[in-house]
Amino acid sequence: MLQIGMQAPNFTLLDQNGKAVSLSDFLGKRVVLYFYPKDNTPGCTRQACAFAGAYGEFQKRGVAVIGISRDSVASHTKFAEKYGLPFVLLSDPELQAINAYGVWQEKKLYGKVSMGVVRTTFLIDKDGMIEKIMPKVKPDTNAAEILAEL
């Protein structure tokens, strides 16, 4: 179980352009790392668009924004283009980062139990340490909550 003050697990995944991106590439910068269930679903779209809308504020503060889901690179490409998402989206079909961050969990929807990504956001400091963990965040307010935290 990850906790505040722990080293954030490093990973290397492909972004929406098919380029390999590692968390360690961002050492020296604070990082908002948010995990979400699926591209082009209502909540995930609202969350991504909220981060896109606040992206200028994150840039002013020197903070990188990275979204991760199980979706394919092709899905991320379409999602980013459709909504004009200016930040990095990483594809994790093998659950490498999703498992490392403990966000693959049992979920209940209408009484049905299944495994899936629980919407969770991590704030990582310049040294790669976990600064804040926000479990089960609300898609509409997540970006604003992170900005308030900064």
(request) Quickly run through segment 39-62 and pick out the residues that are within 23 Å of VAL117 (Cα to Cα) and not hydroxyl-bearing (Ser, Thr, Tyr). (result) ASP39, ASN40, PRO42, GLY43, CYS44, ARG46, GLN47, ALA48, CYS49, ALA50, PHE51, ALA52
(request) For segment 94-116, enumerate the residues that are at pLDDT 95 or above, over 26 Å from GLU57 (Cβ atoms), open to solvent by less than 70 Å² (accessible area, probe 1.4 Å) and not hydrophobic (A, V, I, L, M, F, W, C). (result) GLY102
(request) Give the residues of segment 74-101 that are in contact with a strand residue (DSSP E or B) (Cβ under 8 Å, 6 or more places away or on another chain), of a type outside the set (Phe, Trp, Tyr) and under 21 Å from PRO9 (Cβ atoms), sorted by residue number. (result) HIS76, VAL88, LEU89, LEU90, SER91, ASP92, LEU95, GLN96, ALA97, ILE98
(request) Mind listing whichever residues of segment 64-121 are closer than 15 Å to PRO139 by Cβ and hydroxyl-bearing (Ser, Thr, Tyr)? (result) SER69, TYR83, THR120, THR121
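What number of residues in segment 117-150 are open to solvent by 70 Å² or more (accessible area, probe 1.4 Å), not in a loop (DSSP other than H, G, I, E, B) and not aliphatic (A, V, I, L, M)? Can you show your working first?
From segment 117-150, those open to solvent by 70 Å² or more (accessible area, probe 1.4 Å) are 126-127, 135-136, 138, 140, 145, 148-149; that's our starting set.
Of the ones still in play, those that are also not in a loop (DSSP other than H, G, I, E, B) are 145, 148-149.
Those still in the list that are not aliphatic (A, V, I, L, M) too: 145, 149.
Number satisfying all stated conditions: 2.
The values are calculated or read from the model by the stated rules, or taken from the named source; none is laboratory data. Please read all numbers here as calculations on a predicted model, not as lab measurements. Cβ: placed from backbone, ideal geometry, glycine included. Neighbour counts: every protein chain shown. What goes into the accessible areas is simple: the full protein's heavy atoms, side chains included, and nothing from ligands, DNA or RNA. Shrake-Rupley method; radii C 1.70, N 1.55, O 1.52, S 1.80 Å.
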